[in-house]
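A.B. asks: First the structure, which I've put down as structure tokens, then a few questions once you've had a look.
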Amino acid sequence: MSGHTGAFAEPTPVPDATARAMRRRAALEEALLPPLVALAVILVAGDLLILAYGEAPGAVWRLLAEGTWGNAYGIGQVLYKATTLTCTGLAVAFALRAGLFNIGAEGQLAAGGFGAALAGLALPAGTPSLVAIVICVGAAALCGGAVGAVPGVLRARFGAHEVIVTIMMNFIVLALLNYVVAAKLHVPETLHTPTIRAGAVPRLASSIEAFHGSAASWTIVIVAAAVIGVAWYLFRTRAGFELRAVGLQPAAAEYGGVNVPRAWRNALMLSGAIAGLGGVNYVLGYKGYYEDGFAGGAGFLGIAVALVGRNHPLGVVIAALFFATLSQGGLAINAMVPKQMVDVLQGIVILAVAAAVPEVRRLVRQAARR
Amino acid sequence: MKASGAAPEGAHGATPGAGGASSPVPAVRMTGVDKRFGAVQANRGAAISVASGEIHALVGENGAGKSTLMKVLSGMLVPDAGTIAVGGRDVTGWTTAQAIAAGVGMVHQHFMLIPTLTVAENVVLGREPASVGTFDRARALHDVDELSKQSGLIVPADRLVADLSVGEAQRVEILKTLYRGARILLLDEPTAVLSPPEVTELWGVLRRVRDAGTTIILITHKLDEVMAVTEQITVMRQGMTVARMATRETTPEGIAHAMVGREVDLAVRGARVRSEEEARDEGGEEGVRGEERGALSVQNLVVRGARVERAVNDVSFTVRAGEILGIAGVEGNGQTELLEAIAGLRRATSGEIVLGGKVVTNESVRARGDAGLSHIPEDRHQRGLVLEYSVADNLILGQQHRFSSRGAMDRHAVASNGATQIAAFDIRPTDPALAVRTLSGGNQQKVVIARELSRDFIALLAAQPTRGVDVGAIEFIHDALRKARDAGKAILLVSAELREVLSLSDRIAVMYGGRIVAMMPRAEASEEILGPYMTGARKSTAA
């Protein structure tokens, strides 16, 4: 055969070790970039807002740091808020892994809290603490899961779009709970149920004195277990393998023998259960009763948490701590600037992370190439 | 095909881009082009020189960097290094808008037409003739009609694009670039969707356009196309331009050698020669024996399509164990729906599917897999692979229940299966943790083939098994399919490549309009015989 190729050297393939290193780098970039972008944006936008308000940024930031991570009470409050946000963020992230956008975490969170309270009210006062907690936590997950199952089943059977259904379910669930509490279950003059008889989760302060006064409870451990459980489910089980395949490429999952509608239904149901778990933090760990409106937007903020956390369980925890810090910090700086500033910052962060992260990643890559 | 391999050496074997071209100012001259995407070096020092008014082939395996080089030329990508000159003018790093203004037009593999608009509207889109600020439809129609006649690209200017055949749609694409004043036409694998007569017609069109003074660069990996219509050839391999030759002075073997860097057997190998004893066996008690040996059979199958009620219209056939039944036909005649119905991805309206003696018509995809069905889907990017998943994970897709116990994935089994298949099927790079997305087309297809051939199966559905795959890998895949056949598997092959069907099959069926319009042993088939059936010009009831 002729030698057309004679003058050219054989190309050398990129060695696998280099490829592995690049992959690790990419993974690290993926995990760290969103929080870093968020932090940078907060600092810049926050400075501008504070200056516009006529205060010194340095002093306000110092106040914010002291009020959050500066003392045990502040830390406790951040942890308390982060616990709920982790649940709702995890719920949204879980559904997104299956390619579904669950906007119903708010209602699912409320339903979970209500379920926990109902179980705690129904149990006799003398129930052993551990048994009662397990039952109440199970009730929370069950109620959240039941709310999530509605859009799940509608999507699986009729192809109803989950965004529409989950958002509508929020109104239905919140209104329904409001009715039930106001008409049947409330303590006079309030909008909350009576205090649970069993199933209370002890506060952190009961073991660590320094946390005295903060709302943080050992629910943290339950939620940490949920985070690990979700990570394990997603990345180590067959169901998780199939769920992620459905999220990435439904056609390939179907070809791979996955029952795609069933996977959708299960994902939304489990997502609801995870969000419902968040209700435990308030009902069992903090107040001891269900109160109308306790979710207070934590379900919606979960969408932002999932976004900044890049749908990864660990990322969700970091993002939840981040947003919890902001939220608690808003109270700390209220003396100098209105706490609504924090709400504005939150909004800016969400926009920035959604819009800027791909752009920043491109710039980082370009810089690395030079 | 000529067997002589003595392609001439020397004169034309000069380094591309280093002064090898003959005419004074080449229409396109690219030198030292580097382009890297992350870990992948798509172009390294690539060079091409195309004389004005010639049809120039840019050939190479999938992943060789042809498309990247052409995207650099058309301004869609900015090169990391290198120079680009068009008509002697240095245009390195220009934008698509500048490229279009300078008369460089690209016809993409996938049509970019709006089906609900007419031909004329599609052609003028973005450069609409206007009068008093409103779209002048009459003039658009007139202009496009005129251009159509001038260039010999005959298309009805007032018809909706949705009503056109694939061949016509492609003519519209070419017309579109000409309307924008293209003097240099880049065509990316233009024949992928055409039937043999349409391909012949396309060559006529290209020659006419060339004769009118347009320079054409044809990206392809089909050697018969290169031989049929081009004058000069630039060969790419692993990002580099490794050879340049004159079409007249080379042979398909010579080109293939340059593409893969080694000898390639291009001969169309016929079906396995059966021993007389086997032939007698089958003649005697064929149906029964076939089923006993685990065949696939389809009875009176009717399947709904996306737009048609009966995309598969009363189809019946049997694939015996140890046989490849090839289904020839122009794409879109029900082959996709037929295979999806057999695989369980699409519901059969009526009829029966029997696999190894078991009726599986209403079974799930997984149940069919467990009953012994393997499936190489036609669209590996949508169906065959989860692109973000690793090579190892993709190598078990569809068998995840065999690689897990009590709900948890057996990661060691997945990893060791990955390592085994990567070695057995020569998948590159060899890292099982790499996302399959980063592999070249040929290697991605090898992942699918490795997975589907290594599982335990009775019957295999192979849809377009070598689509978008390079010459070297085609050879490999064909060998793998023959081996499976010789090991007693029943294989149903669907391919838009008539040569592939002819080269692999023991029996050949032709599908047209949802029906099987012809069925014959390989020995009785040829391109000339099958062609009329494929276009619907002939029908037989032999099916």
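A.B. asks: So how many residues does segment B:233-249 have that are buried (at least 23 other Cβ atoms within 10 Å of the Cβ) and not hydrophobic (A, V, I, L, M, F, W, C)?
C.D. replies: Here the count works out to 5.
A.B. asks: Return yes when A:Ala267 is closer than 27 Å to A:Ile350 by Cα, touching a Ser or Thr at 6+ places or on another chain (Cβ under 9 Å) and of a type in the set (A, V, I, L, M, F, W, C) and no when it is not.
C.D. replies: no
A.B. asks: State whether one or more residues within segment B:520-531 are aliphatic (A, V, I, L, M) and under 17 Å from the mean Cα position of the chain (by Cα). Talk me through it step by step, then tell me what you get.
C.D. replies: Narrowing segment B:520-531 to residues aliphatic (A, V, I, L, M): B:520, B:523, B:525, B:529-530.
With the extra rule that they be under 17 Å from the mean Cα position of the chain (by Cα), the set shrinks to none.
No: segment B:520-531 contains no residue that is aliphatic (A, V, I, L, M) and under 17 Å from the mean Cα position of the chain (by Cα).
A.B. asks: Scan segment B:85-105 and tell me whether some residue there is under 26 Å from the mean Cα position of the chain (by Cα) and outside any helix (DSSP H, G or I).
C.D. replies: yes
A.B. asks: Provide a single number: the residues in segment B:331-372 that are closer than 18 Å to B:Val303 by Cα, more than 12 Å from every other protein chain (Cβ to nearest Cβ) and in a loop (DSSP other than H, G, I, E, B).
C.D. replies: 8
A.B. asks: Right, here's the next one. Report those helices (runs of 4 or more DSSP H) wholly inside segment B:389-466 carrying at least 3 residues which are within 11 Å of another protein chain (Cβ to nearest Cβ) and of a type in the set (Asp, Glu).
C.D. replies: Filter on segment B:389-466 gives an empty set.
A.B. asks: Same structure again: Please work out if B:Glu189 is within 20 Å of B:Val59 (Cβ to Cβ) and in contact (Cβ under 8 Å) with a residue 12 or more places away in the chain.
C.D. replies: Yes: the conditions hold for B:Glu189.
A.B. asks: A:Leu234 is checked against (1) away from chain B (no Cβ under 14 Å); (2) crowded, with 17+ Cβ neighbours inside 10 Å; (3) within 14 Å of A:Ile274 (Cα to Cα) and fails just one. What number does that condition carry?
C.D. replies: Tallying (1) away from chain B (no Cβ under 14 Å); (2) crowded, with 17+ Cβ neighbours inside 10 Å; (3) within 14 Å of A:Ile274 (Cα to Cα), A:Leu234 fails exactly one: (1).
A.B. asks: Of (1) within 14 Å of chain B (Cβ to nearest Cβ); (2) surrounded by 21 or more Cβ atoms within 10 Å (Cβ to Cβ), A:Pro250 satisfies all except one. Which?
C.D. replies: Every listed condition holds for A:Pro250 apart from (2).
A.B. asks: Which of the residues spanning segment B:125-150 are surrounded by 19 or more Cβ atoms within 10 Å (Cβ to Cβ) and in contact (Cβ under 8 Å) with a residue 40 or more places away in the chain?
C.D. replies: none
A.B. asks: Please specify each residue of segment B:29-54 satisfying the condition of being surrounded by fewer than 24 Cβ atoms within 10 Å (Cβ to Cβ) and over 30 Å from A:Glu29 (Cβ atoms).
C.D. replies: B:Arg29, B:Thr31, B:Gly32, B:Ala47, B:Ala51, B:Ser52, B:Gly53, B:Glu54
A.B. asks: For the condition within 27 Å of the chain's Cα centre (by Cα) and either under 26 Å from B:Glu198 (Cα atoms) or modelled with pLDDT of 55 or more (or both), what is the one hit in B:Arg320, B:Arg272, B:Arg248? Step through it out loud before you land on a result.
C.D. replies: Working: B:Arg320 fails: within 27 Å of the chain's Cα centre (by Cα); B:Arg272 fails: either under 26 Å from B:Glu198 (Cα atoms) or modelled with pLDDT of 55 or more (or both).
Just a single option satisfies the conditions, and that option is B:Arg248.
A.B. asks: Turning to a different aspect of this structure: Can B:His375 be described as facing chain A (nearest Cβ under 8 Å) and at pLDDT 95 or above? Steps first, answer last, please.
C.D. replies: Numbers: facing chain A (nearest Cβ under 8 Å): yes; at pLDDT 95 or above: yes.
It is true that B:His375 is facing chain A (nearest Cβ under 8 Å) and at pLDDT 95 or above.
The values are calculated or read from the model by the stated rules, or taken from the named source; none is laboratory data. Since we're looking at a predicted model, the values are computed, not measured. All Cβ positions, even for glycine, are placed from backbone atoms using ideal geometry, and neighbour counts span all protein chains on display.
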